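Working notes for the structure below.
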């Protein structure tokens with residue numbers, strides 16, 4: 001249970017501000033996260049590491065000499081938005097380019113990727129390395145397609161040390177990939193975690209059982225196994241990770257970095273009992289632990305669970321693993337060498353421009369603002385149901401994310417209207433705000449959809465029915481293009497495609513916008529219901545296999561609900 005919060009919607013932001021206030025010698029608050037309180041040395045690559053909140057010490061706790069230069073911090077278990085990533089990266093960058101590091105989750109891939117595109121357009125060299133250490137989430141031949149869990153710490157520690165030692169951006173990227181390829185983790189849970197303001201955990205584990213292969217965003221394990229004694233739990237973790245030990249040839253000779261990580265509720269004495277057996281098993285295998293770490297490093301709020309991480313070291317990786325580091329939550333060795341100067345500048349988010357618009361376009365913008373308000377109220381109405389759907393094979397935050405995103409978009413629409421925005425600008429501002437407020441995969445996709453829809457309109461004239469259809473189609477196209485999913489993957493796209501096809505066909509046939517939109521919304525609803533019969537092939541639910549059977553995809557359901565609200569709105573205006 002998360003006991004201490006004010007408004008759950010502000011929990012992550014307040015936690016970041018409090019963290020920065022407690023560690024002013026290390027970090028400074030910027031829009032979307034924190035950066036070092038000292039300037040990045042000129043020409044040094046900026047290592048920007050981040051993800052959702054709820055994982056402390058990851059990720060803000062690792063900002064400091066020898067590790068990260070900045071950390072964007074999203075809502076609890078949700079990716080930071082593209083604008084948050086951009087803000088942190090722009091503040092941290094100092095002529096040496098940016099290396100973006102994060103766990104391999106769909107929302108993070110989308111938002112960090114969008115930020116990278118904006119930075120590159122401004123002439124900044126950006127590289128992306130995703131951590132993919134979780135052996136439960138894919139097969140060994142697809143290691144880089146796995147999700148990231150506690151392996152974040154050694155990968156970012158090693159990369160930060162390489163940068164501190166003088167690595168340029170090319171070299172830092174090489175080291176990061178090498179560290180990730182050498183890192184393997186496996187976790188398990190005894191009970192789920194509870195989001196701030198929620199009355200129930202995201203999942204339960206039956207008495208006498210434990211969930212093997214959990215994720216750090218509150219996802220349940222891939223399968224339940226009997227809960228044994230501590231040494232049996234340790235054996236399960238050790239056997240799982242060592243199944244992928246590489247041959248002791250070349251640079252690897254049996255020396256391993258070891259991380260035994262508590263996820264929030266399992267306490268230190270319990271972890272030490274487990275590590276007693278882990279150390280015994282590693283010695284029996286002829287392995288030498290190198291500066292092992294036991295404690296909380298990548299948590300999941302109050303989840304009752306733990307994970308074991310091994311990094312199969314060569315001399316280069318070991319040197320960087322042992323190098324000094326000095327951050328609020330992770331320190332090692334003497335002071336990291338180098339001169340540091342107090343930070344003199346951070347990126348400030350400016351008010352988005354509102355171009356001149358015609359009265360006709362402002363009238364259309366007013367209707368768009370009304371519709372955004374409708375979408376916000378609709379998401380609030382369905383928040384609990386969508387969260388329950390998402391908790392079956394996800395992290396349970398989809399309803400909350402949709403509410404945050406839609407209300408953020410509605411508020412941005414109101415602000416734009418007050419400044420005389422036209423139709424295009426109102427939608428573009430709303431799209432940016434949805435992505436920012438929601439974070440996660442749904443935030444990125446809905447933000448892109450509104451932005452793409454706005455791109456078909458203009459601020460100089462009115463809008464006819466054909467243009468409304470073109471905007472809806474453009475939004476649907478953006479979802480499929482950015483998300484990369486196909487029909488049958490059990491994602492939002494399963495509802496988007498039939499909506500798009502039906503809308504185009506029915507409007508071309510009849511020219512009746514409300515009727516065409518109603519038919520398209522009905523097609524989306526039927527398709528969303530049909531996803532209950534699919535096994536997820538993409539996104540977080542993919543790793544849970546047939547656990548998603550019998551439950552429709554929450555992204556497809558929420559899309560169909562909102563398109564139904566759009567159809568109702570258009571019908572009421574006839």
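How many percent of Cα pairs in region 1-61 exceed 15 Å? Present the calculation step by step, with values, prior to reporting the outcome.
On the way: 999 of 1830 pairs.
The answer is 55 percent, as a whole percent.
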For this session: Output the antiparallel fraction of DSSP beta bridges having both residues in the chain, as a percent to the nearest 5.
Result: 55 percent
For this session: Report, to the nearest 10°, how far helix 359-393 tilts away from the longest principal axis of the Cα atoms in the chain, using its own Cα long axis and a range of 0 to 90°.
Result: 40 degrees
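Do you know the relative contact order of the chain, to the nearest whole percent, from alpha carbon pairs under 8 angstrom that are 6+ apart?
Values: 1363 pairs, mean separation 76.0, N = 574.
About 13 percent, as a whole number.
If I take every Cα pair under 8 Å that is 6 or more residues apart in region 359-572, average their sequence separation and divide by the length, what percent do I get for the relative contact order?
Numbers: 419 pairs, mean separation 42.3, N = 214.
Normalised by residue count, the contact order of region 359-572 is 20 percent.
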Problem set entry | region 462-572 pair-distance distribution - Cα-Cα, 10 Å bins, rounded % | 16, 45, 27, 10, 1
Problem set entry | Rg/Rh ratio calculated on Cα atoms of region 245-387 (Kirkwood radius) | 1.25
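How big is region 364-423 by the Kirkwood estimate over distinct Cα pairs, in Å? Intermediate results must be reported in sequence, preceding the final value.
Details: mean 1/r = 0.0828 Å⁻¹.
For region 364-423, the Kirkwood estimate is 12.1 Å.
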For this session: Output the direction-averaged projected area (hull surface divided by four) of the convex hull of the alpha-carbon atoms of the chain, in nm².
Result: 25.2 nm²
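How would you classify region 253-327 from its alpha-carbon gyration tensor, with a ≥ b ≥ c the square roots of the eigenvalues: rounded for a/c under 1.5, else prolate if a/b is greater than b/c, otherwise oblate? Before the final figure, lay out the partial values.
Values: a/c = 2.61, a/b = 1.37, b/c = 1.90.
Taking the square roots of the gyration eigenvalues as a ≥ b ≥ c, region 253-327 is oblate.
Give the shape of region 182-322 as rounded, prolate or oblate, defined through the alpha-carbon gyration tensor: a ≥ b ≥ c are the square roots of its eigenvalues, a/c under 1.5 means rounded, and otherwise the shape is prolate if a/b is larger than b/c and oblate if not. Before the final figure, lay out each step's value.
Details: a/c = 2.21, a/b = 1.83, b/c = 1.21.
Prolate.
How long are the three semi-axes of the equivalent ellipsoid for region 359-572, computed from the Cα gyration tensor as the root of 5 times each eigenvalue, in whole Å, largest first? Working shown, then result.
Working: eigenvalues 156, 73, 37 Å².
Calculated on Cα positions only, the semi-axes equal 28, 19, 14 Å.
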Exercise. What ranking do 10, 398, 111 get, fewest neighbouring Cβ atoms within 10 angstrom at the top?
Worked result: 10, 398, 111
Problem set entry | Efficiency of FRET between residue 467 and residue 291 - r from beta-carbon atoms, R0 56 angstrom, step 0.05 | 0.35
Problem set entry | For region 144-198, alpha-carbon Rg relative to the globular expectation (2.2 N^0.38 Å, N residues) | 1.52
Problem set entry | Ranking of 267, 178 by count of other Cβ atoms within 10 Å, fewest first | 267, 178
Exercise. Between region 429-460 and region 556-574, how many Å separate their Cα centres?
Worked result: 17 Å
Seminar exercise, completed: If one compares the long axis through the Cα atoms of helix 440-455 with the longest principal axis of the Cα atoms of the chain, the angle in degrees, nearest 10, works out at 30 degrees
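Using only the Cα atoms of region 443-509, build the gyration tensor, take square roots of its eigenvalues as a ≥ b ≥ c, and label the shape rounded, prolate or oblate: rounded if a/c is under 1.5, else prolate if a/b is larger than b/c, else oblate.
Numbers: a/c = 3.71, a/b = 1.40, b/c = 2.64.
Oblate, because a/c is 1.5 or more while a/b does not exceed b/c.
Order of 163, 128, 216 from fewest to most other C-beta atoms within 10 Å?
On the way: 163 27, 128 17, 216 32.
Fewest to most other Cβ atoms nearby, the residues stand as 128, 163, 216.
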For this session: Could you state the angle between the C-alpha long axis of helix 152-164 and the longest principal axis of the C-alpha atoms of the chain, as a value from 0 to 90 degrees rounded to the nearest 10?
Result: 80 degrees
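Which value in deg cm²/dmol, rounded to the nearest 500, describes the helix-derived mean residue ellipticity at 222 nm for the chain, given -39,500 (n - 2.57) per DSSP H run of n ≥ 4 and division by the residue count?
Numbers: 16 runs with 265 residues, N = 574.
One gets -15500 deg cm²/dmol as the mean residue ellipticity at 222 nm.
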For this session: With the convex hull built on the Cα atoms of region 1-131, state its orientation-averaged projected area in nm².
Result: 7.6 nm²
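Here, each number is a calculation from the coordinates, and none is a lab measurement. Note that this is a predicted model, so its numbers are computed, not measured. Positions of Cβ are generated from backbone atoms using ideal geometry, with glycine treated the same way; all protein chains shown enter the neighbour counts.
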